Amino acid sequence: MTSSLTPQPPSQPQDDHLWLEDIDGEKQLAWAREQNALTVQAHAKSPAFEALQQGILEVLDSEERIPMVHKIGPRFYNFWRDKAHPKGLWRRTTLAEYRKPQPAWETVLDLDALAAQDQENWVWHGADCLDPDYRRCLISLSRGGADADVVREFDLEAKAFVEGGFTLPEAKNHVGWKDIDHLYVATDFGPGSMTSSSYPRIVKEWRRGTPLESAATVYEGLHDDMSVGAWRDNTPGFERDYVSRQMDFYDSETWLRAADGTLAKIDVPDDALAEITREWMLVEPRTDWTVGGTTYRSGSLLAARFDDYMAGRRELTVLFEPDDTTALDSHSWTRHHLIVNVMHDVVNRLEVLTPPADGKGPWKRENLGGAPALSTIAAGGIDEDENDDYFLTVSGFLQPTTLYIGTIGQGEPQVLKDSPAFFDASRYRVSQHFATSKDGTRVPYFEIAARDLQANGRNPTLQYAYGGFEISLQPSYSGSIGRAWLEQGGVYVVANIRGGGEYGPRWHQAALQENRLRTCEDFAAVSEDLIARNITSPAHLGAMGGSNGGLLMGNMLTLYPQLYGAIVSEVALLDMRRYTQLSAGASWIAEYGDPEEPDEWEFIRTFSPYENAKPGQAYPPALFTTSTRDDRVGPVHARKMHAKMVALGYDSRFYENMEGGHSAATDNKESAFMDALGYAYLWQHIR
């Protein structure tokens, strides 16, 4: 018998739209198609929409785009979609060919032909190739864009699937090579083998030629964990096996696995990121970490000799330490150097760090290059086992991406490829501004607008943000936004609100769980600043975001309706009362909290749009888009939110792509339609 003093999970109010949670039910899909038809008729049947969609599709299908490549063995591979190959080609070339304006490509796998042969809507999920020979690969293919995929063994030289080779059925698989005859496999092994987050709980070692059911268990996590996995690093001279347990989105444990199967824990904080490359271990603590008598700041980058660390020594070198305006963006090894990418007020700079030859003493530092004003620069080693070559990209809101190639220590990098310009950037300018949030925090945002913009309060303005999971929004070129928004007379704004990673872990952690409403306060502060600067006004201000950004949009709709003329919420979380019971929702408890815990539900309910939508409010028009095949967030949130808004008498629209996964599209044509729909909806309401 339960004591009356024991806290109970909060009771759920009457939910008239619970029936829409049957994702593939005939009645539910018929409802979705009916809503789709209404939305298409109202917003996607005009010549203006067709022109908008066609303009975006030309960008996505352009044969002049840079074919970004990844080195596998001696050749460079690229996955390419265009009008003639909507599902895509996996193809390869040599570096000598890639340097040419029009490289000669060799097709390795034609996904359109495979989809026709298999009568499946295959979506490419990538390939994992066994080094150092790079003859065999594990290719992952998704039906309709879902996170779940099937895995098939592929012969890279024969360019064919291996008859009788390794195959895995559809599941949220984590799979990797141990050697040519063994895989580490985490998959759906049957009842009880998946976590509450819908990811694998058990990882096994599977030997070629034996049934999957006979694979030997390597590690079992808990039902409430997020996932588990195992992998081998085949770097010559540093071959090591690892096992990991992801307890939640930010906390994990990793072990070194010996030949006899015993595990030795890598003793770093659970919320730290640890990466081992050859003799070095790099650690990024998410919270301040005291070890060996020294406290290292959250967001730092630390280095230690891995074998010494595992032997108990705690000698760490600080490679980067953040301050109030800087954060670590990324890092990448070449054979002898480490490229470190740092953001200062969301703008990048690069450094090359060289470890001491004897493993002792300071690391050498030199600049690799700086980005043009208000742009993004990124660099990464091409083959960390072979040489010190690197690719470098530069991109900005008005600057098409340029790809460079260089070798550390051998002069300036050389231009390799240029992206085409899809709109006349000379007519526009980029500026960075800072708004003051409710608690006094300085929040940066980028504004892209016409050079002759009149501050008259009537400019149609699209404000975009994400604000979660430590993901940063940096300057980047988008021909689609240029054509669909800027050239139509609009102002485009990117808000770098808390919850993201623009200022490192502290910026993210400031908006976790009970502080989640800070994302909304920051976004509202940017909106209010735009209005105060007379750039726009509520009637002409639209807001858009996807996934976690779609949740943000739901909250701006229900909490700050007075600021917006229209809102677009894409592939969003919206019902925060039931999100942990829908698709992969339980994996995000560390971000949002657990609604089954009474104390946590008290703060979660404040940012649950589905809960907070009430009658008699002055809500702006809203469009909710989603995908039936999205097995990460799922279509249920958007379905229910739209249904409730309509039932309450509000102006709401809905579109559910029947394919597409969390991206809501399986090819460029679907992407162009979904993007055009969002832009067209806003244009009809805020022009």
Amide H contacts under 5 Å for I72, placed H, 5+ residues apart:
Y77
Of all accessible surface on the range 1-156 at a 1.4 Å probe, what whole percent is carbon and sulfur?
51 percent
So, in nm, how far is label E412 from label R335 when the simple model puts each one 7 Å beyond its Cα toward the Cβ?
2.6 nm
How do D651, D24, D131 rank by accessible surface area computed with a 1.4 Å probe, from largest to smallest?
D24, D651, D131
Keeping all protein chains in place, calculate the accessible area per residue for the range 85-145 (probe 1.4 angstrom), answer in Å².
46 Å²
Give me the extension gain from D15 to S62: residue separation times 0.36 nm, minus the current Cα-Cα distance, reported in nm with one decimal.
12.3 nm
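Using r as the Cβ-Cβ distance of Q432 and A158, and R0 as 56 Å, what FRET efficiency do you calculate, to the nearest 0.05? Each step should come with its number before you reach the end.
Working: r = 52 Å, r/R0 = 0.93.
Computed FRET efficiency for Q432 and A158 comes out at 0.60.
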Just checking the chain: which Cys have no other cysteine's beta-carbon under 4.7 Å?
C520
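With all protein chains present and a 1.4 Å probe, how do K640, K360 order by accessible area, largest first?
Of K640, K360, the descending order of accessible area is K360, K640.
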Inter-label distance, nm, simple model (7 Å from Cα along the C-beta direction), R99/L517
6.0 nm
Furthest towards positive pole of dipole, V526, L20, L109, structure part the chain, Cβ charges
V526
Cut-off under 22 Å on the C-alpha distance; same-chain residues fewer than 8 positions from K669 excluded. Which lysines are left, in chain and number order?
K45, K83, K87
Residue by residue through the range 384-397, which ³J(HN,Hα) values in whole Hz follow from phi under the Karplus form 6.51 cos²θ - 1.76 cosθ + 1.60 (θ = phi - 60°), with glycine and proline marked x?
5, 8, 10, 7, 10, 6, 8, 9, 9, 10, 10, 8, x, 4
Say the cut-off is 21 Å between C-alpha atoms; which of K71/K417; K172/K265; K178/K204 go over it?
K172/K265
Please report how far the C-alpha centroid of the range 623-637 lies from that of the range 48-90, rounded to the nearest whole angstrom.
25 Å
Of all DSSP beta bridges in the chain, what percent run antiparallel (nearest 5)?
85 percent
Reach of K27 by Cα under 19 Å, taken over aspartates and glutamates that are not fewer than 8 positions away in the same chain:
D15, D16, D630, E656, E659
19 Å reach of a label modelled at A84, 7 Å along Cα-to-Cβ, counting backbone N of the range 112-154:
112-116
Going 7 Å from the Cα of D260 in the Cα-to-Cβ direction, what parts of the range 214-253 have a backbone nitrogen less than 17 Å from that spot?
241
For the residue pair D112 and E386, what label-to-label distance in nm results when each label sits 7 Å from Cα along the Cα-to-beta-carbon direction?
3.0 nm
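Which value, in debye to the nearest 20, gives the size of the charge dipole of the chain about its Cα centre, when Lys and Arg are +1 and Asp and Glu are -1 at the Cβ?
Dipole about the Cα centre, nearest 20: 1520 debye.
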Could you state the accessible area per residue of the range 187-282 in Å², with a 1.4 Å probe and every protein chain left in place?
45 Å²
Given the convex hull over the Cα atoms of the chain, what projected area results after averaging over all orientations, in nm²?
32.0 nm²
Take peptides 231-242, 466-477, 247-258 and line them up by average Cβ neighbours within 10 Å, highest first, as a rough protection proxy.
466-477, 247-258, 231-242
Putting +1 on Lys and Arg Cβ atoms and -1 on Asp and Glu Cβ atoms, find which of A373, S193, Q414 reaches farthest to the positive end of the dipole of the chain.
A373
Got a sec to turn the phi values of the range 123-131 into Karplus ³J(HN,Hα) couplings, 6.51 cos²θ - 1.76 cosθ + 1.60 with θ = phi - 60°, whole Hz, x for Gly and Pro?
10, 5, 10, x, 9, 10, 9, 7, 8
Sorted largest first, extent of the range 380-476 alpha carbons per principal axis (Å)
55, 36, 20
First compute the accessible area of the range 189-323 with a 1.4 Å probe, then give the percent of it belonging to carbon and sulfur atoms.
47 percent
Could you rank R577, R33, R632, R81 by how accessible they are, 1.4 Å probe, largest area first?
R33, R632, R81, R577
Amide H contacts of F654 (H built 1.01 Å from N, under 5 Å, at least 5 apart or other chain)
T39, F624
With every protein chain kept in place and ligands, DNA and RNA left out, what is the accessible area per residue of the range 594-687? Probe 1.4 Å, answer in Å².
33 Å²
Heavy-atom accessible surface of the range 332-444: percent carbon and sulfur, 1.4 Å
47 percent
In this structure, the FRET efficiency calculated for V291 and R208 from their beta-carbon separation, with R0 = 45 Å, to the nearest 0.05, is 0.60
Once all protein chains are kept in place, S437 shows an accessible area at probe 1.4 Å, nearest 10 Å², of 10 Å²
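The values are calculated or read from the model by the stated rules, or taken from the named source; none is laboratory data. Since this is a predicted model, take the numbers as computed values, not measurements. Positions of Cβ are backbone-derived with ideal geometry, glycine not excepted, and every protein chain shown enters the neighbour counts. In case anyone asks, the SASA skips ligands and DNA or RNA and just uses the protein heavy atoms, side chains included. Shrake-Rupley method; radii C 1.70, N 1.55, O 1.52, S 1.80 Å.
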